[in-house]
Amino acid sequence: MKNLLFALPLIAVVLGCGSISKEANSTGPAETPLPVVENAGPLTEDEKKYLGSVGGYLKSSIEANTELAQTMNRQAPLPQIKRAVERARRIENAAFAGDYLKNKPTDSYGRFDKDIREIHRSYNAAYDDYLRYFSTDELQYIETGSDKFKDAVNRSKSTLEAVNKALGEIKTEKEKTTRKRK
């Protein structure tokens, strides 16, 4: 288990010290805003619900995983790190089932479904590897878990950016339509 103590600072550096979003700070989880779907533009109710579920899932997931990365970064005792991994997993799975799966992907925004499912799968694969380390003491699981975690973080960031871009385009289109009417 001592090997993990040497690996944790490296993991934190690879993960960017837990800064998953620009709004993340060193004192707590990221404050990633939900996409604003209420006033985004000409969206159907199903589109609003789906995009809201994407945003809700990403917000919960990013916050939980930022907290996990920060726990690792401060070189917490191993039992605390294990609890942090288990907690992040619970939150991730609850957000996926509770926020995301409640609403069916729409035809116009269903392109995010594959990304969300892959993010969820990647985080869970990372948790599996991290927890496997605690039962085997094999450092390779920290390394493979970190690679999977980093992949999930990058996918989360790019998906959130794509969702925000899509909403920005809708809002811009709504503003153009409003100006033409005046």
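Overview of values
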| read-out | value |
| --- | --- |
| The lone exception for K157 - which of (1) open to solvent by less than 60 Å² (accessible area, probe 1.4 Å); (2) touching a residue at least 60 places away in the same chain (Cβ under 8 Å); (3) not acidic (D, E) it fails | (1) |
| Filtered residue count, segment 95-117, keeping only those that are closer than 16 Å to K59 by Cα, among the charged types (D, E, K, R) and without any contact (Cβ under 8 Å) to a residue 40 or more places away in the chain | 2 |
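Quick grid of which residues meet (1) open to solvent by less than 10 Å² (accessible area, probe 1.4 Å); (2) modelled with pLDDT of 90 or more; (3) touching a helix residue (DSSP H, G or I) at 6+ places or on another chain (Cβ under 8 Å):
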{"site": "T27", "(1), (2), (3)": "no, no, no"}
{"site": "P35", "(1), (2), (3)": "no, no, yes"}
{"site": "E67", "(1), (2), (3)": "no, yes, yes"}
{"site": "A95", "(1), (2), (3)": "yes, yes, yes"}
{"site": "S108", "(1), (2), (3)": "no, no, yes"}
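The values are calculated or read from the model by the stated rules, or taken from the named source; none is laboratory data. All values derive from a computational prediction rather than experimental measurement. Quick reminder, even Gly has a Cβ in these numbers, built from the backbone with ideal geometry, and neighbours come from all protein chains shown. The area values use the complete protein model at the heavy-atom level, side chains included, leaving out ligands, DNA and RNA. Shrake-Rupley method; radii C 1.70, N 1.55, O 1.52, S 1.80 Å.
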